[in-house]
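See below for the structure under consideration.
Nothing in this text is a laboratory measurement; each read-out follows from the coordinates by a stated rule. Just so we're clear, the structure is a prediction, and the values are computed from it rather than from any experiment. Every residue, glycine among them, receives a Cβ derived from its backbone with ideal geometry; neighbour counts consider all protein chains shown.
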Amino acid sequence: MMNHTLKGLCNLRAGTVVTGKWHHQSYKLLKPLGHGANGVVYLAESMKGIVALKLSDNSEAVTSEVNVLRRFSKVQGVALGPSLLDVDDWVTPLMKKHIPFYVMEYIKGEDFSTFIRKRGKEWIVILLLQLLSALDKLHQEGWVFGDLKPENLLVAGPPPTVRLLDVGGTTLQGRAIKEFTELYDRGYWGLGSRKAEPSYDLFAVAMIMIQSCCPIKLERKGDGRHQLISIIQADGMLRKYQAVLMKAIDGKYKRASEMKQDLLATIHRSAHSHSKQRASKKTTQKSQRSKKRKRGKAKSVVETALIIAVLLCAYAIYVYHQILP
Amino acid sequence: MRKGTLRQILLITDGCSNHGEDPIAMAALAKEQGITVNVIGVLDQDTIDESGLREIEGIALSGGGISQVVYAKQLSQTVQMVTRKAMTQTLQGVVNKELKQILGPDVSLEDLPPEKRGEVMEVVDELGETVELEVLILIDTSGSMKTKLPTVKEALLDLSLSLNARIGDNRFAVFVFPGKRGNVEKIVDWTPKMEELSTVFPKLTSGGLTPTGPALREALTYFERKRSLRSLIRDDESYFEGSM
């Protein structure tokens, strides 16, 4: 459901120049990058280079997001979200309206699902491990990301690195989650509250893994937990991580780092058992082969003995005839 | 620090009223008493008729609230979004009034530079998280709403899940109209938990007239007259000044 202002903002022509009322910076819009519940993001050109610019009809939402981005920019050296460059109002020449906007660093990359589709499912776990590291830092700063879903993840690089986008749902711990998406929300699945705590994000991580491994259209039917278990057991890759996934789904991880460790342990264990299996297969093959060889040897011994026996018999008959003329 | 209480009526309906007073007038009455009226129009498959849509928008407009028309499927997400948005809007209004007292009558939030706006917004966020909330849910159970009632129930349970994650206290009451005897019937009295709803809902029978106006008028009397919205400002005056 979009209102008229937002719809108008979605259809701005390339080349439109957005100028800020307070800081007097100008941005030339190049193309739309995407739109969410309360705004549109454009690729734009400015004095500082190529940037991403979010226009919105909702001043409160913009202000909240800017607050979050500003706090993040204080957390140095972590790829939590795009860095904030400018916040301002644009007075549109046509509508004569104040449109609040903010400008972020433009992160070039592919969205999570496209990346997985192109590069293969083996990347899922690797990207999720990266995501868990980022979440751990975010949680330690006292925040919860909230609206965690593949659409809000961007794979930048090379080397492929996961980045969080859209901080609209980012909430201080202990408060109620600001924004969420049903499918990735533990409340929707009947598996927990909407209180902002690290385990809320970790449930969403489990759901991202489930959705990436089997991209079917999910919808809750009856007992949510039961439904999720049957989906996990039906998929070969998910089955391998069942223990970790269920712990996340049941909210048993208190920290992202715990889930990361368990994921890593599962990868190593499965790799280990894989090589073990291969090794044991090799030894059985060897013994079978040697058995075959042994059997071959016995055969030749019998053969030789038989030939010797026949020759001996023939010689005996010959000698016998020589003696008895 | 004691906080005031935000009061809302959430009206869930699928069309036009056809009995009693004008619901738009009743919504205006509610606003005068410091009670916000939000309306959610529930669609079946196709569109809602023009007059129904106008009424839904009209009620929310004169009730100082928000209206949204959705398909039954999206109801859960919408109910919680509308309630939260209306809360923010009301609190924003309170804070704006306060700002005008400090900065002069012609200053609104938009006139502040973006940096200052952030600080004001943090106050609004903080209030929205901690303020007490009373939501009276008023459900139209006439005619065509019958098939949508299971979805409405789901959406309300979801709403209590969302709101109970807040730090502040919540109280819910659920009324349906038309009632068995009168225009409106109470099915759940003020309670912090909405779980009781599951047992009450299956007993509902729907049908008859759609007395939206009278139902709104009667619903207003169920709010306790202990604290007004104005007291919210009074209570928090020191708080506002301290944080700006």
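Computed quantities for the displayed model
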read-out: Cα radius of gyration and Dmax for chain A (Å); value: 33.3, 139
read-out: Sparsely packed trypsin sites (Lys or Arg not before Pro) within segment B:1-94, loop by DSSP, other Cβ within 10 Å at most 14; value: B:R2
read-out: Globularity ratio of the protein assembly as shown, using Cα Rg and 2.2 N^0.38 Å; value: 1.37
read-out: Lysine pairs in segment B:28-144 with Cα atoms under 27 Å, if 8 or more residues apart or on separate chains; value: 9
read-out: Average beta-carbon neighbours from other chains, 10 Å sphere, peptide A:57-70; value: 4
read-out: Count of lysine pairs in segment A:4-105 with Cα separation under 21 Å (8 or more residues apart, or interchain); value: 19
read-out: Average other protein chain Cβ within 10 Å of Cβ, residues B:82-91; value: 1
read-out: Packing rank of A:254-261, B:209-216, where each peptide gets the mean count of other beta carbons within 10 Å, highest leading; value: B:209-216, A:254-261
read-out: Computed [θ] at 222 nm, helices only, for chain A once each DSSP H run of length n ≥ 4 contributes -39500 (n - 2.57); value: -16500 deg cm²/dmol
read-out: Residue-span extension gain [A:E105 to A:K221] - 0.36 nm each, minus C-alpha spacing; value: 37.7 nm
read-out: For chain B, convex hull volume per residue from C-alpha positions, Å³; value: 128 Å³
read-out: Point-to-point label distance, A:H98-A:L33, nm (Cα→Cβ direction, 7 Å offset); value: 2.6 nm
read-out: Rough spin-label spacing in nm, given labels placed 7 Å along Cα→Cβ, for A:K252 and A:I267; value: 2.2 nm
read-out: FRET efficiency for A:C10 and B:E126, using Cβ-Cβ distance with R0 set to 35 Å, rounded to 0.05; value: 0.65
read-out: Label point distance in nm, A:Y320-A:I50, each placed 7 Å from Cα along Cα→Cβ; value: 10.2 nm
read-out: Rg to Rh quotient for segment A:109-270, alpha carbon positions, Kirkwood Rh; value: 0.93
read-out: In segment A:167-232, GluC sites (Glu not before Pro) in a DSSP loop with at most 11 other beta-carbon atoms within 10 Å; value: A:E219
read-out: Anchor A:K137: aspartates and glutamates whose Cα lies under 16 Å away (excluding residues fewer than 8 positions away in-chain); value: A:E197, A:D201, A:E258
read-out: FRET efficiency for B:D22 and B:S198, using Cβ-Cβ distance with R0 set to 30 Å, rounded to 0.05; value: 0.30
read-out: Loop-located trypsin sites (Lys or Arg not before Pro) in segment A:186-250 whose Cβ has at most 12 other Cβ within 10 Å (DSSP); value: A:K217, A:K221
read-out: Using a Förster distance of 60 Å, the FRET efficiency for B:Y222-A:Q233 (Cβ separation, nearest 0.05); value: 0.75
read-out: Taking only Cα atoms of segment B:1-112, radius of gyration then Dmax in Å; value: 16.1, 50
read-out: 10 Å Cβ neighbours from other chains, averaged over peptide B:117-123; value: 5
